[in-house]
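Novice: Can you keep this structure in mind? I'll have questions shortly.
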There are 2 protein chains.
Amino acid sequence: MSTQKQQTVAVVGTGVIGAGWITRFLAQGFDVIATDPVDGAEAQMRKKVKQAWPYMEQRGLAAGASMERLSFTNNLQEAVQNVCLIQENVPEREELKRKVLAEIDKHADTDAIIASSTSGITPSVLQQNCSNPERVIVAHPFHPVYLLPLVEIVGGTATSQESISQAEAIYKKVEMKPLLIEREIEGHVADRLMEALWREALHLVNDGVATTEEVDAAITYGAGLRWAQMGPFLTFHLAGGEQGMRHMLHQFGPALKLPWTKLEAPELTYELKERVIEGCETSAGNHSVEELEAKRNEFLVRLLDLVEEYWPEPQSIMGNKKELSNG
Amino acid sequence: MSTQKQQTVAVVGTGVIGAGWITRFLAQGFDVIATDPVDGAEAQMRKKVKQAWPYMEQRGLAAGASMERLSFTNNLQEAVQNVCLIQENVPEREELKRKVLAEIDKHADTDAIIASSTSGITPSVLQQNCSNPERVIVAHPFHPVYLLPLVEIVGGTATSQESISQAEAIYKKVEMKPLLIEREIEGHVADRLMEALWREALHLVNDGVATTEEVDAAITYGAGLRWAQMGPFLTFHLAGGEQGMRHMLHQFGPALKLPWTKLEAPELTYELKERVIEGCETSAGNHSVEELEAKRNEFLVRLLDLVEEYWPEPQSIMGNKKELSNG
């Protein structure tokens, strides 16, 4: 593959997610060819890229990175040639995605990766109409794509291991954190977690327990401050004292059975407990809970300062969030 | 109430949560009387307070704040007199909590607030054996209590509105964000949200879809970065383009019905939709989604810098998190 081709990607579908990808690739010094059949799509997309660009400058542009290296065409067939990766972001409808991916597959070089940004459709379904399905994957990003580093990479039954590795290398080049997901499930991993929280949030609002503002405050003033640094497992590991997750599951495991949420918990079998405990111990490495807590606290102190700098305005923006306690 | 009494609280039960409360009250210039029947509890607690103190200094101590203003007694009856608030943090067992709260209620001044840190027991249940139940509330904090500002305040059927207001004022004095919850439910609000995510996380690990490290990475590199600033509702409001949540529910509402998680979503009735949309519009105030996005981006740019400062070590700490993409 030529050096030029290795530095060029195509983005198919230039809405919020597509424009996010374009911004990220451009900022990392890639050439980008964008395509979208919708009237006025190019202007809308260029506006979005321009709006996001100052943040890319603040984060630091790669050598040679420029908005000038973005071209737009209405011709899908042309757009997807001579690129190392085609990122598809058309609306989330299975039949549409399958049709567009088959079209991309027909015209793209056989050594190019075809990646769908889908959150809810599995790659085995998406690759069905492709002649070269081994290079079709899901690469699911998070909004705003130009700032959040997570990308979930999932292969279908026909996807090759080489394609996964090739895709992983490209996303690492654009400063992302690829999470390789072994099993195809709708929603992959991150969206399932977010959806679980989101559905419970809807129940709380629906049952009149809390308003949307209160639900948001319950996150941003509490667990949300921790989640920027540590996920739920490591968080609980730290909450368990010196014995970490082992103590936690022992002491609070039974509480998992309480019908707090409308989500059923899995049976806490010996195997599941051990898997969770070992995972947390691996994450913690040789570091004691005490050392991890010190890191967390240093981080939280600085995060609180940062959040306070941005709260005064959001608070007045957020209407009764400021007056939360009077609500 | 004397000025001295207004500046003095009692903390009953001095484990992780109790010690967190003690640290917060001391740092905000309160006198604290601590009590715990467990052997060695005082030494353990003083160690925890000492460890947390440097973070309190970084955050900024109130005038006169000092660890010297902490006293310890084995005598519950003595501990709870002449204070404006008694914060109870004994183990999470209903009969034990009810017994301890009744004992506190018997000896505390009648104008003192009695607050339980319980996450799972409702105040109406807790206040049943008290002679002055009108001043018994739940005030549920988040770990680490000395850094996270959220506290959920819930009254029981016998709790007076005055007590709620009185408690709210005290928690505001110690730089907390009181969230007044109208309806008593187990888990209040924040824990229900966290539990929903936590249960889904356990399912993902149980089903072999992801390891605990991968679940944690799926949060910290993605949504976790947003949740420090914005909760799920305002996040979706921003993801919905200029029409915000209204567009979001229109476009993605049906996807809520997909069986991604094992949690049932509520019926998206007209009433629920309107409640959600109006809540988001209130939160957004007069600010366009575009203005909110700019704020979010400025925040995220700085948060990413901050997280990167703390990631290099946690990454090596976190074992295969660094090698995530090879997992």
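Novice: So who's got an amide H within less than 5 Å of the one on A:Ser66, skipping anything under 5 residues away but keeping other chains? H placed 1.01 Å off N, in plane.
Specialist: Amide H neighbours of A:Ser66, under 5 Å, 5+ apart: A:Gly29.
Novice: Moving on. May I have the extent of the alpha carbons of the range A:111-240 along their three principal axes, as whole Å values ordered from largest to smallest?
Specialist: On the principal axes, the range A:111-240 reaches 52, 30, 29 Å in Cα extent.
Novice: Assume the label is 7 Å from Cα along Cα to beta carbon: what separations in nm does B:Ala62 have to the matching positions in the other copies?
Specialist: Here the equivalent label points are 5.2 nm apart from this one.
Novice: OK, next. How do B:His237, A:His143, B:His247 stack up against each other in accessible area, from largest to smallest, with a 1.4 angstrom probe?
Specialist: B:His247, A:His143, B:His237
Novice: To continue, here is another question. Add -39500 (n - 2.57) for each DSSP H run of 4 or more in chain A, then divide by its residues: what number comes out at 222 nm, to the nearest 500 deg cm²/dmol?
Specialist: Result for chain A, helices only: -14500 deg cm²/dmol.
Novice: Under the rule of at least 5 residues apart or a separate chain, name every residue whose amide H is placed under 5 Å from the amide H of A:Phe72.
Specialist: A:Ala34
Novice: Apply the Karplus parameterisation 6.51 cos²θ - 1.76 cosθ + 1.60, with θ equal to phi minus 60°, to every residue of the range B:93-110 and state each ³J(HN,Hα) to the nearest whole Hz, in sequence, with x for glycine and proline.
Specialist: Each residue's phi maps through the Karplus curve to give 10, 3, 5, 5, 4, 4, 5, 5, 5, 5, 5, 4, 4, 5, 9, 6, 4, 5 Hz.
Novice: Using a 1.4 Å probe on the protein heavy atoms only, what accessible surface does A:Trp53 show? Give it in Å² to the nearest 10.
Specialist: Approximately 20 Å² for this residue.
Novice: For the protein assembly as shown, with only Lys/Arg (+1) and Asp/Glu (-1) charged at the beta-carbon, what is the dipole magnitude about the Cα centre, in debye rounded to 20?
Specialist: That gives the protein assembly as shown a dipole magnitude of about 520 debye.
Novice: Same structure again: What distance in nm separates the two pseudo spin-label positions at A:Asp109 and A:Gln161, each 7 Å out from Cα along the beta-carbon direction?
Specialist: 2.5 nm
Novice: Assigning unit charges at the beta carbon (Lys, Arg +1; Asp, Glu -1) and nothing else, what dipole magnitude in debye, to the nearest 20, does chain B show about its Cα centre?
Specialist: 420 debye
Novice: Can you list the residues, at least 5 places off or on another chain, whose amide H is less than 5 Å from the amide H of A:Leu85, using H built in the peptide plane?
Specialist: A:Ala10, A:Ile113
Novice: Between copies, how close do the A:Asp111 label points come, placed 7 Å along Cα→Cβ, listed in nm from shortest?
Specialist: Sorted ascending, the copy-to-copy spacings read 8.3 nm.
Novice: Next question. At a probe radius of 1.4 Å, what is the per-residue accessible area of A:Asp105, in Å² to the nearest 10?
Specialist: Spelled out: A:Asp105, probe radius 1.4 Å, area about 10 Å².
Novice: Here's another thing I want to ask about it. Nearest 5 percent is fine: what portion of the DSSP beta bridges confined to the range A:3-181 is antiparallel?
Specialist: Roughly 15 percent of the beta bridges in the range A:3-181 run antiparallel, per DSSP.
Novice: Modelled label-to-label distance, A:Glu78 and B:Thr282, 7 Å Cα→beta-carbon offset: nm?
Specialist: 5.2 nm
Novice: Could you tell me which of B:Pro178, A:His107, B:Val90 has its Cα farthest along the dipole of the protein assembly as shown towards the positive end, charges placed at Cβ (Lys, Arg +1; Asp, Glu -1), taken about the Cα centre?
Specialist: Result: B:Pro178.
Novice: If the viscosity is 0.692 mPa s and the temperature 37 °C, what translational diffusion coefficient in µm²/s does Stokes-Einstein give for the protein assembly as shown when Rh comes from Kirkwood over Cα pairs?
Specialist: The calculation lands on 127 µm²/s.
Novice: Compute the distance in nm between two label points, each set 7 Å from the Cα along the Cα-to-Cβ direction, one at A:Gln58 and one at A:Tyr270.
Specialist: For the pair A:Gln58/A:Tyr270, the computed spacing is 5.3 nm.
Novice: Keeping all protein chains in the complex and leaving out DNA, RNA and ligands, what accessible area do you get for B:Ser2 with a 1.4 Å probe, in Å² to the nearest 10?
Specialist: Number for this one is 70 Å².
Novice: Moving to a separate point now. For the range B:160-187 and the range B:12-74, what is the separation of their Cα centres, given in Å?
Specialist: Comparing the Cα centres of the range B:160-187 and the range B:12-74, I get a distance of 21 Å.
Novice: Count, for each residue of B:296-309, the Cβ atoms from other chains sitting within 10 Å of its Cβ, then give me the mean as a whole number.
Specialist: 6
Novice: Once every Cα of chain B carries one equal point scatterer and solvent is ignored, give the base-10 log of I(q)/I(0) from the Debye formula at q = 0.10, 0.12, 0.14, 0.15 Å⁻¹, two decimals.
Specialist: Ignoring solvent entirely, the Cα scatterers give -0.73, -1.01, -1.23, -1.30.
Novice: Sticking with this one: Viscosity 1.567 mPa s, temperature 4 °C: Stokes-Einstein D of the range A:1-143 from its Kirkwood Cα radius, in µm² per second?
Specialist: 86 µm²/s
Novice: Could I ask something else about it? Can you find, among A:Val301, A:Gly40, B:Gln128, the residue sitting farthest towards the positive end of the charge dipole of the protein assembly as shown, where Lys and Arg contribute +1 and Asp and Glu -1 at Cβ?
Specialist: A:Val301
Novice: Please give the charge dipole size of the range B:3-181, origin at the Cα centre, charges +1 on K and R Cβ atoms and -1 on D and E Cβ atoms. Round to the nearest 20 debye.
Specialist: Dipole of the range B:3-181, to the nearest 20 debye: 440 debye.
Novice: Placing a label point 7 Å from Cα toward Cβ, how far apart in nm is A:Ser288 from its equivalents in the other copies, listed shortest first to one decimal?
Specialist: 5.5
Novice: Let me know the mean shielding of B:171-184 by other chains, meaning the per-residue number of their Cβ atoms within 10 Å of its Cβ.
Specialist: 4
Novice: Within a 10 angstrom radius of each residue's Cβ in A:56-62, how many Cβ atoms of other chains show up on average? Whole number is fine.
Specialist: What the average comes to for A:56-62 is 2.
The values are calculated or read from the model by the stated rules, or taken from the named source; none is laboratory data. Every value quoted in this text rests on a predicted model; they were computed, and no experiment measured them. Reconstructed Cβ throughout: ideal geometry from the backbone, glycine too, with neighbour counts over all protein chains shown. Surface accessibility is based on the protein's heavy atoms, side chains included, excluding ligands, DNA and RNA. Shrake-Rupley method; radii C 1.70, N 1.55, O 1.52, S 1.80 Å.
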